[in-house]
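The values are calculated or read from the model by the stated rules, or taken from the named source; none is laboratory data. Remember, predicted model here, so these are calculated numbers, not experimental data. Note that each Cβ is placed from the backbone with ideal geometry, even for glycine, and that neighbours are counted across all protein chains shown.
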Amino acid sequence: MSLLIALLVTWAVLAVVWILALPKSSNRVGWLYPLLPLIAGVVLWRWPDIPVLRDWMEAAVWLWAGLSLVWLVSVLKRDSSIMDIAYGYLMCALPWWMWLHNGSDMRAWLPLLLTTLGFGRYSIYITWRNLPNAEDARYARWRQRSGANWWWWSYFQVFLLQGVVLWFWVFALVLAIVFPQDFGLWHVAGALVWLIGFVFEVGGDWQLAQFKRKRKSSSELLNTGLWALTRHPNYFGQTAMWWGYGLIAMASPYGWLGLLSLAYITWFMYTGSATSLMERHLLKTKPGYAEYCGRVPAFFPRLKP
């Protein structure tokens with residue numbers, strides 16, 4: 001319990017700094033990210049026997065420690081976009097840590113297998129794509145705007161913010177790993193939905209890589225294959241994979257609680273941050289993208305091209 005109090009005090013200090021440093025233009029949602037882990041921690045301190053909350057907060061501490069280390073590396077490398085690489089490796093390792101930490105129940109084999117395949121593949125792809133290149137343009141713009149303050153502000157703007165986002169995302173996965181059940185219909189449904197998502201994510205990434213290799217100009221637009229069904233097949237695919245984990249979690253007594261994180265993931269990928277940020281960038285850099293938007297749905301794929 002003393003460790004929990006120490007962690008709460010440390011996070012409270014960080015939350016105060018985070019909120020005070022937020023730009024005045026930040027929306028109200030931005031204030032929630034520093035506060036929600038603190039609220040959850042206080043609830044756990046007051047009612048320590050809530051099993052779901054305890055396991056979820058352990059995942060939060062694991063993510064916090066891992067992303068703090070990644071932030072230190074980013075400061076040394078002057079490259080905050082290594083967060084994109086770290087995401088996959090952390091999400092690949094976290095389920096195994098939770099499984100080993102909670103009794104190593106072999107009934108959790110399916111979510112362990114799917115997360116290892118999904119995030120393992122993603123990690124290798126992002127490392128191959130990003131590591132040889134300079135800092136991603138999005139992070140470079142933030143660095144330029146913040147100037148000399150970026151080295152510390154990036155800890156909040158990039159690493160803690162995305163850490164809290166991931167903490168929300170993994171809730172259904174925590175349920176699937178920590179409260180595993182015998183194989184049944186929920187597992188079949190989850191695996192099928194996950195497979196659909198995997199095809200879209202892997203197929204979208206592969207088609208984009210091939211397109212970039214063959215194109216003659218960076219202004220050219222990919223609008224064939226899976227990219228003729230949805231403007232963001234990789235985002236849709238990753239969301240479907242998370243729904244696969246959530247459906248597997250539905251077999252557990254607390255599985256329905258995972259619907260909260262799944263709803264947040266869908267909002268984040270569809271109308272929240274991921275798609276909207278990419279759309280604004282592409283509208284500025286890709287001639288014909290506005291016309292492409294009029295023909296192809298942003299997120300949920302249409303059945304026929």
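How about segment 251-303: which helices (runs of 4 or more DSSP H) wholly inside it have at least 1 residues that are in contact with a Ser or Thr (Cβ under 9 Å, 6 or more places away or on another chain)? Give the derivation first.
Details: elements: 258-270, 274-285, 289-295.
Ranges flagged: 258-270, 274-285.
Which of the residues that make up segment 14-41 are surrounded by fewer than 10 Cβ atoms within 10 Å (Cβ to Cβ) and in a helix (DSSP H, G or I)?
Of everything in segment 14-41, those that are surrounded by fewer than 10 Cβ atoms within 10 Å (Cβ to Cβ) and in a helix (DSSP H, G or I) turn out to be LEU20, ARG28, VAL29.
Have a look at LEU44, LEU67, LEU72 and point out the one that is more than 15 Å from LEU166 (Cα to Cα), in a helix (DSSP H, G or I), in the same structural domain as ALA140 (by TED's automatic domain parsing) and in contact (Cβ under 8 Å) with a residue 40 or more places away in the chain. Spell out the reasoning first.
Values: LEU67 fails: more than 15 Å from LEU166 (Cα to Cα); LEU72 fails: in contact (Cβ under 8 Å) with a residue 40 or more places away in the chain.
That would be LEU44, the only listed residue that is more than 15 Å from LEU166 (Cα to Cα), in a helix (DSSP H, G or I), in the same structural domain as ALA140 (by TED's automatic domain parsing) and in contact (Cβ under 8 Å) with a residue 40 or more places away in the chain.
Please verify whether segment 196-216 includes one or more residues that are under 19 Å from MET91 (Cβ atoms), out of contact with any strand residue (DSSP E or B) (no Cβ under 8 Å at 6 or more places or on another chain), touching a residue at least 40 places away in the same chain (Cβ under 8 Å) and among the small types (Gly, Ala, Ser).
The answer is yes, given that some residue of segment 196-216 is under 19 Å from MET91 (Cβ atoms), out of contact with any strand residue (DSSP E or B) (no Cβ under 8 Å at 6 or more places or on another chain), touching a residue at least 40 places away in the same chain (Cβ under 8 Å) and among the small types (Gly, Ala, Ser).
Just name the residue that is surrounded by the fewest Cβ atoms within 10 Å (Cβ to Cβ) out of those in segment 47-58 that are without any contact (Cβ under 8 Å) to a residue 12 or more places away in the chain and of a type in the set (D, E, K, R).
Checking each candidate, the answer is ASP49.
Any chance segment 198-208 includes a residue that's of a type in the set (Val, Ile, Thr), assigned by TED's automatic domain parsing to the domain that holds LEU35, under 23 Å from LEU112 (Cα atoms) and part of a helix (DSSP H, G or I)?
Taking segment 198-208 first, the residues of a type in the set (Val, Ile, Thr) are 199, 202.
Pick out the ones that are also assigned by TED's automatic domain parsing to the domain that holds LEU35 and you get none.
No, that holds for no residue.
Which pairs do you get when a residue that is within 19 Å of LEU175 (Cβ to Cβ), found in segment 86-101, comes within reach of a residue that is not in a helix (DSSP H, G or I), reach meaning Cβ atoms under 7 angstrom, with the pair 6+ apart or on two chains?
Close Cβ pairs satisfying both conditions: LEU94/VAL170.
Can you tell me which residue among PRO253, PRO301 is of a type outside the set (Phe, Trp, Tyr), surrounded by fewer than 13 Cβ atoms within 10 Å (Cβ to Cβ) and either over 20 Å from ASN234 (Cα atoms) or modelled with pLDDT of 85 or more (or both)?
Working: PRO301 fails: surrounded by fewer than 13 Cβ atoms within 10 Å (Cβ to Cβ).
Criteria check complete, one pass: PRO253.
Which one is farthest from PRO180 (Cα to Cα) among residues in segment 110-125 that are free of Cβ contacts under 8 Å to residues at least 40 places away in the same chain and surrounded by fewer than 17 Cβ atoms within 10 Å (Cβ to Cβ)?
Among those that are free of Cβ contacts under 8 Å to residues at least 40 places away in the same chain and surrounded by fewer than 17 Cβ atoms within 10 Å (Cβ to Cβ), it is ILE124.
Can you tell which of GLY88, GLY103, GLY30 is farther than 18 Å from LEU4 by Cβ, of a type outside the set (S, T, N, Q) and modelled with pLDDT of 90 or more? If you could, list the steps in order and put the result at the bottom.
Numbers: GLY103 fails: modelled with pLDDT of 90 or more; GLY30 fails: modelled with pLDDT of 90 or more.
Answer to the check: GLY88.
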